[in-house]
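Data block below; observations after.
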Amino acid sequence: MSLDIKVERVKASKIDSVDFDNLPFGHVFSDHMLECDYENGKWGLPKVVPYAALSLDPSAKIFHYGQSIFEGMKAYKDADEQVLLFRPLENCKRLNISAERLAIPAIPEEYFMEGLKKLLEVDSDWIPKKDGSSLYIRPFVMATGLGFHASPADKYKFLIATAPSGAYFAGKIKVLIEEKYARSANGGVGFAKAGGNYAGQFYPTQLAMDKGYNQVIWTDDNSHQYIEEAGAMNIFIRIDNTLITSPTSDRILDGITRKSIIQLAKDAGISVEERKISVGEVVEAARNNTLLEMFGTGTAAVISPIAGFGYQNIDYDLPELQESFASSLKKTITDIQTNKAPDPYGWRVQL
Ligand SMILES: *Cc1c(COP(=O)(O)O)cnc(C)c1O
């Protein structure tokens, strides 16, 4: 099975203008992108085209009804300059889970996988080699069909754009446990990577930042008593030597980093519990010094350690550990991702 993916190359590459030693996260874009259009009831073949601005009709439904979904993944180069992806089929599957929920037609798996591979072949010079750097990959789908009528579009565009990127977060973050706003609700779209989920997070996050925090810890929309996610990351909480993470649901995104970390932690002999965790339990653990770590997991930052949290106008600091689960698990997973360690799980995919 091999698709005939056409490539239209840029006239002149802009790669020489990029400082690969000082890459911001997701702000410099590679020469090409993958483009695939849905019309007349089916997806056309994907093609690789120059990265460029889009021209859309002002009535395109994406602008009015937010019918859009996305994914986030990374490509790495190992010491031998082999190009590596991490569990890419999981991203393809999840894009289609999001698509179904947003009434977007499913993307054929081979269009996603072969299109991505072709794009990375064409732009392989854009994949950074430096430790900690990667090519951030953003597949996304938007409704391009016309009309002010609030209904699903009849045309869509699936794009994959890439951005050579340095490490995502520097340093530990301080978080605020949210008591009023929610990022998702039962029956809603929290489990999907739908654009609007993030738009809805910006304002409460800004309020938290105004109070001196970096990020919000989302709690359940109903009681605000249970911890759900850390910003746009899944959350792990270490009490004594047990690692606890909230179970996935309608409201919580099923992160690929999350499930990989669960597996790696269990295989390292760490006791892992997937269960509801109440704010009360976390506060109590902080008070009696059994709360040892909190961290977020997601493709962009991989693992983002939390230095402390605020709740009901009290700030709680977490201890500075010499050997944290966060740092050892981060090393384990990034060593697998970048081919510095064997991959007994079959997660790494070589291009
Ligand atoms: C993308 C995302 C995550 C992390 O998912 P990964 O597959 O690990 O990148 C977690 N929570 C939310 C809300 C997300 O959007």
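The values are calculated or read from the model by the stated rules, or taken from the named source; none is laboratory data. Since this is a predicted model, take the numbers as computed values, not measurements. Every residue, glycine among them, receives a Cβ derived from its backbone with ideal geometry; neighbour counts consider all protein chains shown. These area figures cover heavy atoms from the full protein model, side chains too; ligands, DNA and RNA do not enter into them. Shrake-Rupley method; radii C 1.70, N 1.55, O 1.52, S 1.80 Å.
Some observations on this one:
- Residue in the stretch 67-74 that is farther than 30 Å from Arg348 by Cα and among the charged types (D, E, K, R) present: no
- The listed residue being open to solvent by 20 Å² or more (accessible area, probe 1.4 Å), away from the ligand (no atom under 16 Å from the Cβ), of a type outside the set (Phe, Trp, Tyr) and touching a strand residue (DSSP E or B) at 6+ places or on another chain (Cβ under 6 Å), out of Gln67, Gln82: Gln82
- Residues that are among the aliphatic types (A, V, I, L, M) and either under 17 Å from Lys266 (Cα atoms) or open to solvent by 60 Å² or more (accessible area, probe 1.4 Å) (or both) within the stretch 324-351 comprise Ala326, Leu329, Ile333, Ile336, Leu351, listed in sequence order.
- Members of the stretch 167-208 that are more than 15 Å from the ligand (Cβ to nearest atom) and either more than 18 Å from Ala230 (Cβ to Cβ) or touching a Leu at 6+ places or on another chain (Cβ under 7 Å) (or both): Asn186, Gly187, Ala208
- Of the strands (runs of 3 or more DSSP E) contained entirely in the stretch 20-90, those carrying at least 2 residues that are within 17 Å of the chain's Cα centre (by Cα) and at pLDDT 95 or above fall at 68-70, 73-77, 83-86.
- Looking only at the stretch 184-207, residues that are touching a residue at least 60 places away in the same chain (Cβ under 8 Å), under 26 Å from Val282 (Cα atoms) and surrounded by 15 or more Cβ atoms within 10 Å (Cβ to Cβ) come to 3 in all.
- Counted residues, the stretch 224-251 - those being within 11 Å of the ligand (Cβ to nearest atom) and not hydroxyl-bearing (Ser, Thr, Tyr): 9
- Ala153 vs. criteria among the aliphatic types (A, V, I, L, M) and either closer than 26 Å to Gly280 by Cβ or part of a loop (DSSP other than H, G, I, E, B) (or both): yes
- Taking the listed residues Ser98, Ser134, the one that is of a type in the set (Ser, Thr, Tyr), within 25 Å of Val28 (Cβ to Cβ) and within 16 Å of the ligand (Cβ to nearest atom) is Ser134, with no other qualifying.
- Any strands (runs of 3 or more DSSP E) falling wholly within the stretch 247-322 and containing at least 2 residues that are aromatic (Phe, Trp, Tyr), at pLDDT 95 or above and closer than 27 Å to Asp210 by Cβ: 302-311
- Looking only at the stretch 221-261, and only at residues there that are surrounded by fewer than 22 Cβ atoms within 10 Å (Cβ to Cβ) and charged (D, E, K, R), the one that is nearest to Ala286 (Cα to Cα): Asp240
- Filter pass, Tyr156 being under 30 Å from Ser134 (Cβ atoms), in contact with a Phe, Trp or Tyr (Cβ under 8 Å, 6 or more places away or on another chain) and aromatic (Phe, Trp, Tyr): yes
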